[in-house]
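A.B. asks: Take a look at this one; I'll ask things after.
The values are calculated or read from the model by the stated rules, or taken from the named source; none is laboratory data. The shown structure was predicted, so the numbers you read here are calculated from the model rather than taken from an experiment. Positions of Cβ are generated from backbone atoms using ideal geometry, with glycine treated the same way; all protein chains shown enter the neighbour counts.
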Amino acid sequence: MRVLIVEDDAAVSYWIGAKLGGSGHSCRFAGDGEDALRLLREEAFDVVVLDRMLPKLDGMEVLRRLQGTRHPPVLVLSALDETTERVAGLRAGADDYLGKPFDFAELLVRLEHLATRRAVLAGAGDVLEVADLVMDVTRRHVTRRGVPIELTDKEFKLLHILMSNPGRTVTRSMLLEKAWGYGFNPPTNLVEVHVFKLRAKIDKDFDPPLLKTVRAIGYVLG
Amino acid sequence: MAIGAVFLVVAGAAVLWSRALLVELVNEHVGDLLERDQETHRLHGGFGDAAALVAELRRRERFAPEGTRRRMVIDRDGRVLYGDEAMAQRLLAVVACGGPAPCETGRIDQRGDGWKVRGMVVRLGDGGRYVNAYDLQPMLDQLRAVPLAAGCGVLVFLLTSVAFGIRFSAGTLRRVSAITMALTSYAAGDRDRRVAITGPDDEFARLGREINRTLDRVTRLVEEVSSVSSSIAHEMRTPLTHLHNRLVTIAENCPDDTLRRELEEGIEETRRIQHLFRAIMRLGEIETGRCTLAVEPLDAKALLDEVAESYLPLAEGTGTVITVAVERDLDLRGDRTLLFQTVANLVDNALKYAPGEALHLSAGRRDGWNEITVADHGRGLAPGQRALAVQRFCRLDPSDRVPGHGLGLAIVDAIARLHGGALRLEDNGPGLRAVVRLERRGRPVTAPAVPGAITGILH
């Protein structure tokens, strides 16, 4: 994965670059908005990490200038983490939004999802299958090894997200945003509680277990 | 209608009063005339006997026509020697001697059908009577139009005053209404709204200008606060990011398991600080009206069911049974994300403070408001604690037994206020009943509607 990191804080920028490099990805750096637009014109990237508060052109202006052009998916990484700011960033054309401070693993998972988004879209259908777990999305019906599994609406939604991304980590915050919507900030970690119940239903009486926990980050199915 | 009736009564009273005044005036005038006549007679040698007086009167008749004056001379036998025969017949009973009527000198005041006489009877030296009287009726008839004119004048004056009053009041009310609407819109989040200054340069124009100046100042302050908040967020989050990243890097390379666990605890702490930051910023967004308020019709049952389902695993864990009841045809309006957060915070609290007790979620109408209620059967709150519970960072259980940061109810209250309502904490006998009161029609949408869930990166 080739990543453009647009960040004026050199320490953050260096840290992300080093971690991405350690995960086998290559990075280019831009310290301001103008530099970012120039690099996007000149080189090809799989995904962009964009800070909001930048010298010369801020992140929102960069997003506005990218609108209507062919550009790689953009993840905004910003200390401006209010719901309004997130919504504003997504409206301006960002494909994802992550607040600071962040877990690198969370960032990496989101970047990988962004870089391969088209493939995921192509794979999604009315019937999803992961090993012997089958979900009929239209009929809202789930079976494992032919045995029907009763799920609540939230469990179904969470499983749907996980089955749409088989073998790939989905973070807890991604599950929260997709199953409950942006702007919901639960006092208790509801995702963990629901995944715990979901796991009991799809894995308890079957072997091998399909739903695995990625420590401190999220979950992966299959 | 009522004011019209009052005006008619006032005009009628003016007619009656002015008529009474005129009658009084005419009476006084006639009284004066009578006095003067008598004085004149005295100056000319008194009244003498009846025959001499008749001669005198006939002599004067040539110079001064009688007009409304009615004079009579009656001899001692009651015969009319001089004067209006018709009038004499009317007054004879009064002025004739020998009968029950007085014969002495004195005033007479008689009225009949279409006539009214006021006069004076003078006893003559030979026993006759001289009657000097004035018929008031022709005088009153001549003045009849005056009370009517006065009444009409009063009525016209009152109606004109009302017309001017209405015109002035309507203009004033319009301008007050414009100020009210501008302030309401501003309070609902429309920071560009100002009072339109129209009409003459009077007190209202000056008030409007002062309000606009105040709103400009408030807007500037809010922007400054907002910018300070953003700066604080940036300034605090950046070092927090560095701290977090450094801890992660150290933990990854730490060969000592015990130390790594400690470091991971530290990393978790930075996450908790981040969560607290997010809650503080969310509260700030809502309290200042900076958050996007997307008011839309909501299915109250679906909303409460989704919260109940979201907390079902936790409820089952504590043995709590959650029930939901929604009034039929409830027209609930509001921002779905914010109201979901509201009910979730209240349910979260109830599960923490009243675990294992029945929990009832309901929505309905009351006193012209919509209300969402979360009622538990736990220990509840003492009346003195209820106001405190809504304050930010207030934790009524200071021990760490119940997790949280003391912002849940403050956020609920801020969301309710943003929807034109308020949060009320009541005794549920036993337990706590949290009632979120919301404006029936919902606040006007002051920003473009935001979809409930924005398409993220997954499918």
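A.B. asks: Restricting attention to segment B:253-301, and to residues there that are away from chain A (no Cβ under 11 Å) and in a loop (DSSP other than H, G, I, E, B), which single residue is surrounded by the fewest Cβ atoms within 10 Å (Cβ to Cβ)?
C.D. replies: Step by step, filter segment B:253-301, then rank; the result is B:255.
A.B. asks: In addition: So which pairs qualify, if the first residue must be in segment A:79-107 and on the phi > 0 side of the Ramachandran plot, the second must be surrounded by fewer than 20 Cβ atoms within 10 Å (Cβ to Cβ), the Cβ gap must be under 7 Å, and the two must be at least 6 apart or on different chains?
C.D. replies: Within 7 Å, the pairs are A:93/A:67.
A.B. asks: Can you list the strands (runs of 3 or more DSSP E) found entirely within segment A:122-181 that contain at least 1 residues being within 22 Å of residue B:316 (Cβ to Cβ) and within 12 Å of chain B (Cβ to nearest Cβ)?
C.D. replies: Working: elements: A:127-130, A:133-136, A:141-144, A:147-149.
The strands (runs of 3 or more DSSP E) meeting that bar number zero.
A.B. asks: Now a separate question. Can you find even one residue in segment B:118-127 that is surrounded by 14 or more Cβ atoms within 10 Å (Cβ to Cβ) and in a helix (DSSP H, G or I)?
C.D. replies: No; the residues of segment B:118-127 include none that is surrounded by 14 or more Cβ atoms within 10 Å (Cβ to Cβ) and in a helix (DSSP H, G or I).
A.B. asks: Identify, please: which residue in segment B:324-363 is free of Cβ contacts under 8 Å to residues at least 40 places away in the same chain and within 14 Å of residue B:431 (Cβ to Cβ) and is, among those, nearest to the other protein chains (Cβ to nearest Cβ)?
C.D. replies: Going residue by residue through segment B:324-363, those that are free of Cβ contacts under 8 Å to residues at least 40 places away in the same chain are B:324-329, B:340, B:344, B:355-356, B:358, B:360.
Applying the additional criterion that residues be within 14 Å of residue B:431 (Cβ to Cβ) yields B:355-356, B:358, B:360.
Working: B:355: 12, B:356: 16, B:358: 20, B:360: 20 Å.
Here the residue is B:355.
A.B. asks: So residue A:202 fits all but one of (1) in contact (Cβ under 8 Å) with a residue 24 or more places away in the chain; (2) surrounded by fewer than 21 Cβ atoms within 10 Å (Cβ to Cβ); what number is the exception?
C.D. replies: (2)
A.B. asks: For segment A:19-46, what are the residues that are assigned to a helix (DSSP H, G or I), surrounded by 14 or more Cβ atoms within 10 Å (Cβ to Cβ) and not charged (D, E, K, R)? Can you show your working first?
C.D. replies: Just the residues of segment A:19-46 that are assigned to a helix (DSSP H, G or I), to begin with: A:19-22, A:33-42.
This time we only want the ones that are surrounded by 14 or more Cβ atoms within 10 Å (Cβ to Cβ), so: A:19-20, A:33-37, A:39-40.
Across segment A:19-46, the qualifying residues are A:20, A:33, A:36, A:37, A:39, A:40.
A.B. asks: I've got another one for you. With the requirement that a residue be within 23 Å of residue B:378 (Cα to Cα) and of a type in the set (S, T, N, Q), what does segment B:286-335 give you?
C.D. replies: Hits for segment B:286-335 are B:310, B:318, B:320, B:323.
A.B. asks: Same structure again: Among the candidates B:436, B:402, B:412, B:374, which residue alone is within 13 Å of chain A (Cβ to nearest Cβ) and modelled with pLDDT of 90 or more? I'd like the intermediate steps shown before the answer.
C.D. replies: On the way: B:436 fails: within 13 Å of chain A (Cβ to nearest Cβ); B:402 fails: modelled with pLDDT of 90 or more; B:374 fails: within 13 Å of chain A (Cβ to nearest Cβ).
Step by step, each of B:436, B:402, B:412, B:374 is checked, and only B:412 is within 13 Å of chain A (Cβ to nearest Cβ) and modelled with pLDDT of 90 or more.
A.B. asks: I've got another one for you. Identify, please: which residue in segment A:73-95 is facing chain B (nearest Cβ under 7 Å) and not in a loop (DSSP other than H, G, I, E, B) and is, among those, modelled with the highest pLDDT?
C.D. replies: The initial filter retains those residues of segment A:73-95 that are facing chain B (nearest Cβ under 7 Å), namely A:79-84, A:87, A:90, A:95.
Applying the additional criterion that residues be not in a loop (DSSP other than H, G, I, E, B) yields A:83-84, A:87, A:90.
Details: A:83: 79, A:84: 80, A:87: 86, A:90: 90.
So the residue we want is A:90.
A.B. asks: Okay, next question. Among A:60, A:53, which is more than 12 Å from every other protein chain (Cβ to nearest Cβ) and under 30 Å from residue B:411 (Cα atoms)?
C.D. replies: Going through A:60, A:53 in turn, just one is more than 12 Å from every other protein chain (Cβ to nearest Cβ) and under 30 Å from residue B:411 (Cα atoms): A:60.
A.B. asks: I want to confirm something. Restricting to segment A:96-118 and keeping residues that are among the aromatic types (Phe, Trp, Tyr) and not in a helix (DSSP H, G or I), which single residue is farthest from residue B:276 (Cα to Cα)? So that I can check it myself, show each step before the final result.
C.D. replies: Taking segment A:96-118 first, the residues among the aromatic types (Phe, Trp, Tyr) are A:97, A:102, A:104.
Subsequent filtering for residues that are not in a helix (DSSP H, G or I) retains A:97, A:102.
Details: A:97: 19, A:102: 14 Å.
The qualifying residue farthest from residue B:276 (Cα to Cα) is A:97.
A.B. asks: Still on this model: Could you list, ordered by first residue, the pairs with Cβ atoms under 8 Å in which the first is in segment B:30-44 and in contact (Cβ under 8 Å) with a residue 12 or more places away in the chain and the second is surrounded by 17 or more Cβ atoms within 10 Å (Cβ to Cβ) and among the hydroxyl-bearing types (Ser, Thr, Tyr), at least 6 apart or interchain?
C.D. replies: Listed by first residue and then by second, the contacts come to B:30/B:134; B:33/B:134; B:34/B:134.
A.B. asks: Sticking with this structure for a sec: For segment B:302-323, what are the residues that are away from chain A (no Cβ under 14 Å) and either under 43 Å from the mean Cα position of the chain (by Cα) or in a strand (DSSP E or B) (or both)?
C.D. replies: Kept after step one, since they are away from chain A (no Cβ under 14 Å), are these residues of segment B:302-323: B:319, B:321, B:323.
Across segment B:302-323, the qualifying residue is only B:323.
A.B. asks: Right, another one. In contact with an Asp or Glu (Cβ under 8 Å, 6 or more places away or on another chain), of a type outside the set (Asp, Glu), not assigned by TED's automatic domain parsing to the domain that holds residue B:278 and not in a helix (DSSP H, G or I), is that true of residue B:365? Walk me through it before giving the result.
C.D. replies: Values: in contact with an Asp or Glu (Cβ under 8 Å, 6 or more places away or on another chain): yes; of a type outside the set (Asp, Glu): yes; not assigned by TED's automatic domain parsing to the domain that holds residue B:278: yes; not in a helix (DSSP H, G or I): yes.
Taking the combined requirement at face value, the residue satisfies it.
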